[in-house]
Amino acid sequence: MIDPFGRRISYLRVSVTDRCDLRCVYCMAEDMTFLPKAQILSLEELDRLCGAFVGLGVERIRLTGGEPLVRKDVMRLVRSLGERLGNQGEKGGGLKELTLTTNGTQLTKHAEGLYAAGVRRINVSLDSLDPGRFKALTRWGDIEKTLDGIFAARAAGLAVKINAVAMKGVNEDEFDRMIAWCGEHGFDLTLIETMPLGEINEDRTDQYLPLSVVRRRLRERWTLEETDYATGGPARYMTIRETGRRLGFITPMTHNFCESCNRVRLTCTGTLYMCLGQEDAADLRAVLRDPAVDEAGLREAIEAAIARKPKGHDFVIDRRQNRPAVGRHMSVTGG
(Lines give C-alpha, C1' and ligand atoms only; values in the text may rest on other atoms or scores of the structure.)
Protein backbone atom coordinates (compact mmCIF):
# COMPACT_ATOMS: atom_id res chain seq x y z
CA MET A 1 0.00 0.00 0.00
CA ILE A 2 1.35 3.41 -1.02
CA ASP A 3 -0.18 6.60 0.40
CA PRO A 4 -0.66 9.86 -1.54
CA PHE A 5 2.84 11.02 -0.57
CA GLY A 6 4.67 7.92 -1.76
CA ARG A 7 5.12 6.34 1.67
CA ARG A 8 4.76 2.56 1.87
CA ILE A 9 2.37 1.52 4.64
CA SER A 10 3.84 -1.58 6.23
CA TYR A 11 3.12 -1.15 9.95
CA LEU A 12 -0.25 -1.58 11.69
CA ARG A 13 -0.86 -0.71 15.32
CA VAL A 14 -3.94 -2.44 16.70
CA SER A 15 -5.69 -1.38 19.89
CA VAL A 16 -7.44 -4.48 21.21
CA THR A 17 -9.14 -2.60 24.07
CA ASP A 18 -9.53 0.94 25.38
CA ARG A 19 -9.51 -0.38 28.96
CA CYS A 20 -6.54 -0.31 31.28
CA ASP A 21 -5.74 -1.33 34.84
CA LEU A 22 -3.76 1.89 35.41
CA ARG A 23 -4.69 5.58 35.01
CA CYS A 24 -1.47 7.29 33.90
CA VAL A 25 -1.85 11.04 34.35
CA TYR A 26 -0.78 11.99 30.80
CA CYS A 27 -2.99 9.35 29.17
CA MET A 28 -6.30 9.14 30.98
CA ALA A 29 -8.59 10.94 33.34
CA GLU A 30 -9.02 9.09 36.63
CA ASP A 31 -12.75 8.67 36.11
CA MET A 32 -12.61 7.34 32.55
CA THR A 33 -15.75 6.15 30.80
CA PHE A 34 -14.90 3.21 28.58
CA LEU A 35 -16.63 2.04 25.43
CA PRO A 36 -19.62 -0.32 25.71
CA LYS A 37 -18.56 -3.87 24.99
CA ALA A 38 -21.10 -4.10 22.17
CA GLN A 39 -19.02 -1.59 20.18
CA ILE A 40 -15.80 -3.59 20.50
CA LEU A 41 -14.72 -5.90 17.71
CA SER A 42 -14.52 -9.56 18.57
CA LEU A 43 -11.11 -11.20 18.58
CA GLU A 44 -12.12 -13.03 15.41
CA GLU A 45 -13.03 -9.74 13.70
CA LEU A 46 -9.71 -8.21 14.73
CA ASP A 47 -7.90 -11.24 13.36
CA ARG A 48 -9.76 -11.00 10.06
CA LEU A 49 -8.91 -7.31 9.71
CA CYS A 50 -5.26 -7.93 10.52
CA GLY A 51 -5.21 -10.68 7.91
CA ALA A 52 -6.55 -8.26 5.30
CA PHE A 53 -3.81 -5.75 6.15
CA VAL A 54 -1.13 -8.43 5.93
CA GLY A 55 -2.51 -9.41 2.54
CA LEU A 56 -2.07 -5.79 1.44
CA GLY A 57 1.57 -5.61 2.48
CA VAL A 58 1.66 -4.92 6.21
CA GLU A 59 4.78 -6.57 7.63
CA ARG A 60 4.66 -5.48 11.28
CA ILE A 61 1.76 -5.55 13.71
CA ARG A 62 1.92 -4.09 17.22
CA LEU A 63 -0.85 -4.85 19.69
CA THR A 64 -1.69 -1.99 22.03
CA GLY A 65 -4.50 -0.70 24.23
CA GLY A 66 -5.35 0.66 26.76
CA GLU A 67 -3.58 -2.32 28.23
CA PRO A 68 -3.84 -5.13 25.68
CA LEU A 69 -3.26 -7.95 28.15
CA VAL A 70 -6.35 -7.08 30.24
CA ARG A 71 -8.62 -8.09 27.35
CA LYS A 72 -10.24 -11.44 28.04
CA ASP A 73 -8.76 -14.27 25.96
CA VAL A 74 -6.44 -11.89 24.11
CA MET A 75 -3.84 -14.64 23.82
CA ARG A 76 -6.12 -16.37 21.30
CA LEU A 77 -5.62 -13.39 19.02
CA VAL A 78 -1.87 -13.32 19.70
CA ARG A 79 -1.54 -17.00 18.80
CA SER A 80 -3.61 -16.59 15.65
CA LEU A 81 -1.57 -13.61 14.49
CA GLY A 82 1.59 -15.52 15.34
CA GLU A 83 0.58 -18.13 12.78
CA ARG A 84 0.89 -15.42 10.13
CA LEU A 85 4.58 -14.90 10.87
CA GLY A 86 6.78 -16.02 8.01
CA ASN A 87 6.03 -19.61 7.17
CA GLN A 88 5.41 -20.84 10.69
CA GLY A 89 1.86 -22.02 10.08
CA GLU A 90 -0.90 -22.44 7.56
CA LYS A 91 -1.53 -18.68 7.66
CA GLY A 92 2.17 -17.89 7.27
CA GLY A 93 3.21 -15.29 4.76
CA GLY A 94 3.95 -11.62 4.75
CA LEU A 95 3.98 -10.80 8.46
CA LYS A 96 7.58 -10.35 9.63
CA GLU A 97 7.07 -9.19 13.20
CA LEU A 98 4.42 -9.25 15.92
CA THR A 99 5.07 -7.01 18.92
CA LEU A 100 3.26 -5.60 21.93
CA THR A 101 3.18 -2.44 24.03
CA THR A 102 2.17 -3.05 27.63
CA ASN A 103 2.32 -1.53 31.10
CA GLY A 104 3.82 -4.79 32.35
CA THR A 105 1.23 -5.61 35.00
CA GLN A 106 0.10 -8.83 33.29
CA LEU A 107 3.45 -10.07 32.00
CA THR A 108 4.09 -12.57 34.79
CA LYS A 109 1.04 -14.45 33.46
CA HIS A 110 1.58 -13.99 29.75
CA ALA A 111 5.31 -13.59 28.96
CA GLU A 112 5.94 -17.24 28.15
CA GLY A 113 2.78 -17.44 26.06
CA LEU A 114 3.80 -14.36 24.08
CA TYR A 115 7.16 -15.88 23.27
CA ALA A 116 5.58 -19.20 22.31
CA ALA A 117 3.23 -17.36 19.92
CA GLY A 118 6.14 -15.75 18.08
CA VAL A 119 6.52 -12.40 19.83
CA ARG A 120 10.21 -11.62 20.26
CA ARG A 121 10.26 -8.07 21.61
CA ILE A 122 7.94 -5.88 23.63
CA ASN A 123 7.74 -2.29 24.82
CA VAL A 124 6.95 -1.68 28.49
CA SER A 125 5.78 1.73 29.73
CA LEU A 126 7.74 2.75 32.83
CA ASP A 127 7.98 6.46 33.57
CA SER A 128 9.73 6.27 36.92
CA LEU A 129 11.80 3.87 39.00
CA ASP A 130 10.75 5.56 42.23
CA PRO A 131 7.87 3.61 43.83
CA GLY A 132 6.09 6.69 45.17
CA ARG A 133 6.42 8.65 41.95
CA PHE A 134 5.37 5.60 39.91
CA LYS A 135 2.19 5.31 41.98
CA ALA A 136 1.48 9.02 41.60
CA LEU A 137 1.97 8.88 37.82
CA THR A 138 -0.14 5.77 37.33
CA ARG A 139 -2.59 6.63 40.14
CA TRP A 140 -3.23 2.94 40.86
CA GLY A 141 0.07 1.27 40.05
CA ASP A 142 2.43 -0.90 42.11
CA ILE A 143 5.92 -0.70 40.64
CA GLU A 144 6.87 -4.14 41.97
CA LYS A 145 4.15 -5.73 39.85
CA THR A 146 5.46 -3.98 36.74
CA LEU A 147 9.09 -4.82 37.51
CA ASP A 148 8.20 -8.46 38.14
CA GLY A 149 6.53 -8.48 34.73
CA ILE A 150 9.54 -6.94 33.03
CA PHE A 151 11.90 -9.52 34.45
CA ALA A 152 9.47 -12.34 33.66
CA ALA A 153 9.50 -11.15 30.04
CA ARG A 154 13.29 -11.13 29.98
CA ALA A 155 13.39 -14.63 31.48
CA ALA A 156 10.97 -15.84 28.78
CA GLY A 157 13.38 -14.66 26.08
CA LEU A 158 11.64 -11.44 25.09
CA ALA A 159 13.74 -8.39 24.28
CA VAL A 160 12.42 -5.56 26.45
CA LYS A 161 12.45 -1.88 25.58
CA ILE A 162 11.41 0.59 28.25
CA ASN A 163 9.26 3.54 27.16
CA ALA A 164 9.21 6.66 29.35
CA VAL A 165 7.21 9.82 28.71
CA ALA A 166 9.43 12.81 29.52
CA MET A 167 7.62 15.27 31.78
CA LYS A 168 9.01 18.57 32.98
CA GLY A 169 9.23 18.80 36.74
CA VAL A 170 7.98 15.24 37.09
CA ASN A 171 10.58 12.69 36.02
CA GLU A 172 13.27 14.72 34.26
CA ASP A 173 15.65 14.12 37.17
CA GLU A 174 15.48 10.33 36.64
CA PHE A 175 16.80 9.86 33.13
CA ASP A 176 20.40 9.24 34.17
CA ARG A 177 19.22 6.65 36.67
CA MET A 178 16.98 4.98 34.08
CA ILE A 179 19.80 4.80 31.56
CA ALA A 180 22.07 3.17 34.13
CA TRP A 181 19.33 0.75 35.24
CA CYS A 182 18.51 -0.25 31.66
CA GLY A 183 22.21 -0.77 30.98
CA GLU A 184 22.54 -2.97 34.04
CA HIS A 185 19.64 -5.22 33.02
CA GLY A 186 20.08 -5.24 29.25
CA PHE A 187 17.14 -3.08 28.20
CA ASP A 188 16.94 -0.34 25.59
CA LEU A 189 15.20 2.89 26.58
CA THR A 190 13.04 5.28 24.58
CA LEU A 191 12.02 8.73 25.78
CA ILE A 192 8.80 10.21 24.42
CA GLU A 193 7.57 13.79 24.31
CA THR A 194 4.12 14.24 25.83
CA MET A 195 1.44 14.55 23.15
CA PRO A 196 -1.74 16.69 23.23
CA LEU A 197 -4.25 13.86 23.06
CA GLY A 198 -7.47 13.74 25.08
CA GLU A 199 -8.84 15.70 28.00
CA ILE A 200 -6.99 14.85 31.22
CA ASN A 201 -6.83 16.33 34.72
CA GLU A 202 -3.31 17.72 34.28
CA ASP A 203 -1.92 20.76 32.44
CA ARG A 204 0.19 19.55 29.53
CA THR A 205 1.75 22.95 29.02
CA ASP A 206 3.42 22.50 32.40
CA GLN A 207 4.44 18.90 31.65
CA TYR A 208 5.90 19.46 28.18
CA LEU A 209 9.65 18.84 28.01
CA PRO A 210 11.43 19.12 24.63
CA LEU A 211 13.70 16.12 24.09
CA SER A 212 16.25 18.38 22.42
CA VAL A 213 16.81 19.79 25.91
CA VAL A 214 16.99 16.30 27.42
CA ARG A 215 19.52 15.12 24.83
CA ARG A 216 21.75 18.09 25.53
CA ARG A 217 21.69 17.38 29.26
CA LEU A 218 22.38 13.68 28.79
CA ARG A 219 25.48 14.42 26.71
CA GLU A 220 27.04 15.97 29.81
CA ARG A 221 27.28 12.50 31.38
CA TRP A 222 26.88 9.95 28.59
CA THR A 223 28.54 9.45 25.22
CA LEU A 224 25.72 9.29 22.68
CA GLU A 225 26.80 7.83 19.36
CA GLU A 226 24.87 8.03 16.10
CA THR A 227 23.38 4.79 14.74
CA ASP A 228 21.22 3.81 11.79
CA TYR A 229 19.34 1.25 13.89
CA ALA A 230 15.56 1.35 13.33
CA THR A 231 12.60 -0.80 14.37
CA GLY A 232 10.08 0.48 11.84
CA GLY A 233 8.53 2.91 14.32
CA PRO A 234 9.01 6.64 14.90
CA ALA A 235 11.92 6.48 17.36
CA ARG A 236 15.35 7.77 16.38
CA TYR A 237 18.07 5.84 18.17
CA MET A 238 21.53 6.50 19.51
CA THR A 239 23.92 4.10 21.23
CA ILE A 240 25.17 4.88 24.74
CA ARG A 241 28.87 4.00 24.73
CA GLU A 242 29.08 3.49 28.49
CA THR A 243 26.25 0.91 28.64
CA GLY A 244 26.21 -0.48 25.12
CA ARG A 245 22.43 -0.07 25.02
CA ARG A 246 20.30 2.02 22.69
CA LEU A 247 18.51 5.23 23.61
CA GLY A 248 15.56 6.25 21.46
CA PHE A 249 13.83 9.61 21.10
CA ILE A 250 10.24 10.03 19.91
CA THR A 251 9.75 13.70 19.16
CA PRO A 252 6.31 14.50 17.70
CA MET A 253 6.56 18.08 18.97
CA THR A 254 10.13 19.28 18.43
CA HIS A 255 10.85 17.26 15.28
CA ASN A 256 7.98 15.32 13.81
CA PHE A 257 8.55 12.01 12.04
CA CYS A 258 5.79 12.39 9.47
CA GLU A 259 8.00 12.41 6.40
CA SER A 260 8.82 8.72 6.90
CA CYS A 261 5.52 7.59 8.43
CA ASN A 262 4.80 3.99 7.48
CA ARG A 263 1.93 3.22 9.88
CA VAL A 264 -1.78 3.41 10.50
CA ARG A 265 -3.77 2.69 13.66
CA LEU A 266 -6.77 0.44 14.09
CA THR A 267 -8.95 0.90 17.18
CA CYS A 268 -10.80 -1.82 19.04
CA THR A 269 -14.04 -0.57 17.43
CA GLY A 270 -12.70 -1.05 13.90
CA THR A 271 -11.99 2.62 13.28
CA LEU A 272 -8.88 3.16 11.18
CA TYR A 273 -6.93 6.35 11.85
CA MET A 274 -4.51 7.13 9.07
CA CYS A 275 -2.71 9.65 11.33
CA LEU A 276 -2.42 9.76 15.13
CA GLY A 277 -2.71 13.54 15.10
CA GLN A 278 -5.69 13.95 12.76
CA GLU A 279 -9.39 13.20 13.21
CA ASP A 280 -10.07 11.74 9.75
CA ALA A 281 -10.86 8.04 10.04
CA ALA A 282 -12.46 5.12 8.23
CA ASP A 283 -15.17 2.91 9.74
CA LEU A 284 -14.04 -0.62 8.95
CA ARG A 285 -16.46 -2.19 11.45
CA ALA A 286 -19.41 -1.41 9.20
CA VAL A 287 -17.59 -2.94 6.24
CA LEU A 288 -16.48 -5.94 8.26
CA ARG A 289 -20.01 -6.70 9.51
CA ASP A 290 -21.74 -6.20 6.15
CA PRO A 291 -22.57 -9.71 4.90
CA ALA A 292 -22.47 -8.44 1.33
CA VAL A 293 -18.79 -7.47 1.60
CA ASP A 294 -16.25 -10.19 0.85
CA GLU A 295 -12.48 -10.17 1.45
CA ALA A 296 -11.88 -8.24 -1.76
CA GLY A 297 -14.35 -5.59 -0.64
CA LEU A 298 -12.69 -5.34 2.75
CA ARG A 299 -9.31 -4.80 1.12
CA GLU A 300 -10.81 -2.15 -1.17
CA ALA A 301 -12.13 -0.26 1.87
CA ILE A 302 -8.69 -0.36 3.48
CA GLU A 303 -7.00 0.87 0.31
CA ALA A 304 -9.52 3.70 -0.01
CA ALA A 305 -8.66 4.79 3.53
CA ILE A 306 -4.91 4.71 2.86
CA ALA A 307 -5.54 6.97 -0.13
CA ARG A 308 -6.69 9.63 2.39
CA LYS A 309 -3.63 9.45 4.64
CA PRO A 310 -2.50 13.05 5.34
CA LYS A 311 1.01 14.39 5.03
CA GLY A 312 1.39 14.94 8.78
CA HIS A 313 -0.12 15.77 12.13
CA ASP A 314 -0.96 19.12 13.71
CA PHE A 315 0.34 18.58 17.23
CA VAL A 316 1.09 21.75 19.13
CA ILE A 317 1.35 22.68 22.80
CA ASP A 318 -0.33 26.06 23.15
CA ARG A 319 -0.26 27.82 26.53
CA ARG A 320 -2.91 30.29 25.39
CA GLN A 321 -5.60 27.63 25.12
CA ASN A 322 -5.02 24.56 27.21
CA ARG A 323 -6.92 22.00 25.21
CA PRO A 324 -5.75 18.91 23.34
CA ALA A 325 -4.95 19.03 19.63
CA VAL A 326 -7.01 15.85 19.31
CA GLY A 327 -9.96 15.14 21.60
CA ARG A 328 -9.72 11.35 21.78
CA HIS A 329 -7.52 9.75 24.42
CA MET A 330 -4.40 7.81 23.51
CA SER A 331 -6.03 4.72 24.99
CA VAL A 332 -8.77 4.95 22.35
CA THR A 333 -6.42 5.19 19.38
CA GLY A 334 -3.81 2.83 20.76
CA GLY A 335 -0.55 3.64 22.50
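Here are a few things to note about the model shown:
- Scope the range 167-191; condition under 21 Å from the mean Cα position of the chain (by Cα) and modelled with pLDDT under 95; matching residues: Met167
- Within the range 145-176, tally of residues that are open to solvent by 20 Å² or more (accessible area, probe 1.4 Å), touching a residue at least 12 places away in the same chain (Cβ under 8 Å) and over 23 Å from Arg120 (Cα atoms): 5
- Search result, residues across the range 34-70 that are under 19 Å from Arg285 (Cα atoms), among the charged types (D, E, K, R) and crowded, with 22+ Cβ neighbours inside 10 Å: none
- Within the range 1-28, being of a type in the set (Gly, Ala, Ser), farther than 18 Å from Arg265 by Cβ and under 19 Å from the mean Cα position of the chain (by Cα) holds for no residue.
- Test: residue in the range 261-280 that is in a helix (DSSP H, G or I), in contact (Cβ under 8 Å) with a residue 12 or more places away in the chain and touching a strand residue (DSSP E or B) at 6+ places or on another chain (Cβ under 7 Å): no
- Considering the range 303-326, and only residues there that are at pLDDT 75 or above and outside any loop (DSSP other than H, G, I, E, B), the residue that is surrounded by the fewest Cβ atoms within 10 Å (Cβ to Cβ) turns out to be Ala304.
- Any pair with Cβ under 7 angstrom, 6 or more apart, that starts in the range 7-34 at a residue that is among the aromatic types (Phe, Trp, Tyr) and ends at one that is open to solvent by 40 Å² or more (accessible area, probe 1.4 Å): Tyr11/Arg60; Tyr26/Glu202; Phe34/Arg19
- Of all residues making up the range 270-302, the number that are under 19 Å from the mean Cα position of the chain (by Cα), at pLDDT 95 or above and open to solvent by less than 20 Å² (accessible area, probe 1.4 Å): 2
- Looking across the range 12-44, just one residue is closer than 30 Å to Lys311 by Cβ, hydroxyl-bearing (Ser, Thr, Tyr) and at pLDDT 95 or above, and that is Ser15.
- Residue in the range 243-259 that is more than 15 Å from the chain's Cα centre (by Cα), in a helix (DSSP H, G or I), in contact (Cβ under 8 Å) with a residue 24 or more places away in the chain and within 30 Å of Leu284 (Cα to Cα) present: yes
- Within the range 101-130, considering residues that are in contact with a strand residue (DSSP E or B) (Cβ under 6 Å, 6 or more places away or on another chain) and in a loop (DSSP other than H, G, I, E, B), the one farthest from Glu174 (Cα to Cα): Gly118
- Here Tyr237 does not qualify as surrounded by fewer than 14 Cβ atoms within 10 Å (Cβ to Cβ), under 20 Å from the mean Cα position of the chain (by Cα) and not charged (D, E, K, R).
The values are calculated or read from the model by the stated rules, or taken from the named source; none is laboratory data. Nothing here was measured: the structure is a model prediction, and the numbers come from that model. Neighbour counts run over all protein chains shown; Cβ positions are idealised from the backbone, glycine included. All accessible areas refer to the heavy atoms of the entire protein, side chains included, with ligands and DNA or RNA removed. Shrake-Rupley method; radii C 1.70, N 1.55, O 1.52, S 1.80 Å.
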